Amino acid sequence: MILFPAIDLKNGQCVRLEQGDMARATVFNLNPAAQAQSFAAQGFEYLHVVDLDGAFAGKPVNAEAVEAMLKTIKIPVQLGGGIRDLKTVEAWLDKGIARVIIGTAAVRDPELVKSAAKTFPGRVAVGLDARDGKVAVEGWAETSQVTVLEIAKRFEDAGVAAIIFTDIARDGLLKGLNLEATIALADAISIPVIASGGLASIEDVKAMLTPRAKKLAGAIAGRALYDGRLDPAAALTLIRDARRS
């Protein structure tokens, strides 16, 4: 299980949103590279980054901030937001991103995911963000009519590295992960699933390490890390101990 600290980028700053609403953004750090460095120094093994402006614009917007992070840290970075064509996938991977996350395009253009995953094995993840079980797109501004499971199944044999499943209703609100829905998804497909949205405390990390959650590949932590509700050292120690046993 990997715990991914999240950096969401808006106007070149590190922010957290509530339920994906750009009008409900809290700025946590004016310097995303310094924030990335801080997470690496705390012992995190992998960073999760989202270009929020890019998700709305349909193309990368915060490239400068992302590139500054890549120069600052050695740990791998997965990046989503505004990745809608193969050229953008390739450009980010060339710049040193370990794994790209395709969200909106996974709904609108599944062939893109399949060809990207085939061209770059192990380096393409799919971000599925759900509102009431239906997948939301365009930076969560629109809700589609398809369910998370329907879309996940499309990529079952495509070589996708992971599916990042976010429950929008919980995102940024510290209500706890929606483990029921996330585990149900992981049990229904063979692609590794990463839980996202609402991680609130060490209890969520403990729940991720129980036998029923053993198929989950990780979880993303955002606001709980920024406002001190989740102690990074305690969380990472729990995960390391679980791996040893």
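The values are calculated or read from the model by the stated rules, or taken from the named source; none is laboratory data. Treat the numbers as computed from the prediction; the structure is a model and nothing was measured. Heads up, the Cβs are rebuilt from the backbone with ideal geometry, glycines too, and the neighbour counts pull from every protein chain shown. The area values use the complete protein model at the heavy-atom level, side chains included, leaving out ligands, DNA and RNA. Shrake-Rupley method; radii C 1.70, N 1.55, O 1.52, S 1.80 Å.
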Among the charged types (D, E, K, R) and either in contact with a Phe, Trp or Tyr (Cβ under 8 Å, 6 or more places away or on another chain) or open to solvent by less than 40 Å² (accessible area, probe 1.4 Å) (or both): which single residue out of R223, R243 fits that description? R223
Out of segment 125-161, which residues are open to solvent by 50 Å² or more (accessible area, probe 1.4 Å), touching a Phe, Trp or Tyr at 6+ places or on another chain (Cβ under 9 Å) and either closer than 21 Å to S190 by Cβ or in a strand (DSSP E or B) (or both)? R131
Pull up segment 10-38, narrow it to residues that are open to solvent by less than 20 Å² (accessible area, probe 1.4 Å) and among the hydrophobic types (A, V, I, L, M, F, W, C), then point me to the one that is nearest to A68 (Cα to Cα). A33
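Looking at segment 173-180, can you tell me whether even one residue there is at pLDDT 95 or above, open to solvent by 10 Å² or more (accessible area, probe 1.4 Å) and either of a type outside the set (G, A, S) or in contact with a Gly (Cβ under 9 Å, 6 or more places away or on another chain) (or both)? Before you say what the answer is, go through the steps one by one.
Let us first name the residues in segment 173-180 that are at pLDDT 95 or above, namely none.
Looking for residues that are at pLDDT 95 or above, open to solvent by 10 Å² or more (accessible area, probe 1.4 Å) and either of a type outside the set (G, A, S) or in contact with a Gly (Cβ under 9 Å, 6 or more places away or on another chain) (or both), one finds none in segment 173-180, hence no.
Can you name every residue in segment 20-41 that is of a type in the set (A, V, I, L, M) and either within 16 Å of the chain's Cα centre (by Cα) or assigned to a helix (DSSP H, G or I) (or both)? Before the answer, list the steps.
First pass over segment 20-41, keeping only residues of a type in the set (A, V, I, L, M): 22-23, 25, 27, 30, 33-34, 36, 40-41.
Once the filter is applied, which keeps residues that are of a type in the set (A, V, I, L, M) and either within 16 Å of the chain's Cα centre (by Cα) or assigned to a helix (DSSP H, G or I) (or both), segment 20-41 yields A33, A34, A36, A40, A41.
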Give segment 105-120 a look and list any residue that's outside any helix (DSSP H, G or I) and either at pLDDT below 95 or among the β-branched types (V, I, T) (or both), or say none. D109
All but one of (1) more than 23 Å from I7 (Cβ to Cβ); (2) of a type in the set (D, E); (3) in contact with a strand residue (DSSP E or B) (Cβ under 6 Å, 6 or more places away or on another chain) hold for D129, so report the exception by its number. (1)
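Output yes when any residue across segment 11-19 is in contact with a helix residue (DSSP H, G or I) (Cβ under 9 Å, 6 or more places away or on another chain), within 24 Å of I239 (Cα to Cα) and outside any strand (DSSP E or B), and no when none is. So that I can check it myself, show each step before the final result.
At the first step, the residues of segment 11-19 found to be in contact with a helix residue (DSSP H, G or I) (Cβ under 9 Å, 6 or more places away or on another chain) are 11-19.
Narrowing the set further to residues that are within 24 Å of I239 (Cα to Cα) leaves none.
The answer is no, given that none of the residues of segment 11-19 is in contact with a helix residue (DSSP H, G or I) (Cβ under 9 Å, 6 or more places away or on another chain), within 24 Å of I239 (Cα to Cα) and outside any strand (DSSP E or B).
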Filter result for I164 (closer than 13 Å to G103 by Cβ, touching a residue at least 40 places away in the same chain (Cβ under 8 Å), of a type in the set (V, I, T) and open to solvent by less than 10 Å² (accessible area, probe 1.4 Å)): yes
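The rows are residues; the columns are (1) open to solvent by less than 60 Å² (accessible area, probe 1.4 Å); (2) among the hydroxyl-bearing types (S, T, Y); (3) free of Cβ contacts under 8 Å to residues at least 40 places away in the same chain.
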{"site": "A40", "(1), (2), (3)": "yes, no, yes"}
{"site": "F44", "(1), (2), (3)": "yes, no, no"}
{"site": "A63", "(1), (2), (3)": "yes, no, yes"}
{"site": "I75", "(1), (2), (3)": "yes, no, yes"}
{"site": "Q78", "(1), (2), (3)": "yes, no, no"}
{"site": "G81", "(1), (2), (3)": "yes, no, no"}
{"site": "K87", "(1), (2), (3)": "no, no, yes"}
Output the residues belonging to segment 190-245 that are touching a strand residue (DSSP E or B) at 6+ places or on another chain (Cβ under 8 Å) and not hydrophobic (A, V, I, L, M, F, W, C). P192, S196, G197, G198, D204, K215, G218, G222, R223, Y226, P232
